[in-house]
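Where a number appears in this text, it was derived from the coordinates with a stated rule and is not lab data. Everything quoted here is computed from the prediction, not taken from an experiment. Quick reminder, even Gly has a Cβ in these numbers, built from the backbone with ideal geometry, and neighbours come from all protein chains shown.
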Amino acid sequence: MSTGSDWEKRLKYSLIWVPSLNYHIEFDEAVDPYVGLGIGVSLSDYASAPKHNTLRTEWGVVPQVGVNFWQRYSLFLSAYCGGGEFGRLSLGFGLCF
């Protein structure tokens, strides 16, 4: 994002913590689709030139859709919609415990 000849802002990293509730749609024993909604916080570090680095906390809402396979694997899509300048769209794969 550029707002001037000597001003540039970019996201260096972001740590997101989002507790969520999921509604599982009974479909099949091998396939378990779900929808969910979470509310969380993002700790983001921005690098700014010519200014120093800035660290910001941003709250947001995270809708998600996903599917669990064989009660062990999960594939999901989530969107972090919050008060910051950067939204996040995530595609993830994980193990279910």
By how many nm would the segment from Thr54 to Val41 lengthen if fully extended, with 0.36 nm per residue of separation less the alpha-carbon distance? 3.0 nm
Distance (nanometres) between label positions extended 7 Å along Cα→Cβ at Lys12 and Phe69: 3.8
Hey, what did segment 19-83 get for relative contact order, percent, Cα under 8 Å, at least 6 apart? 29
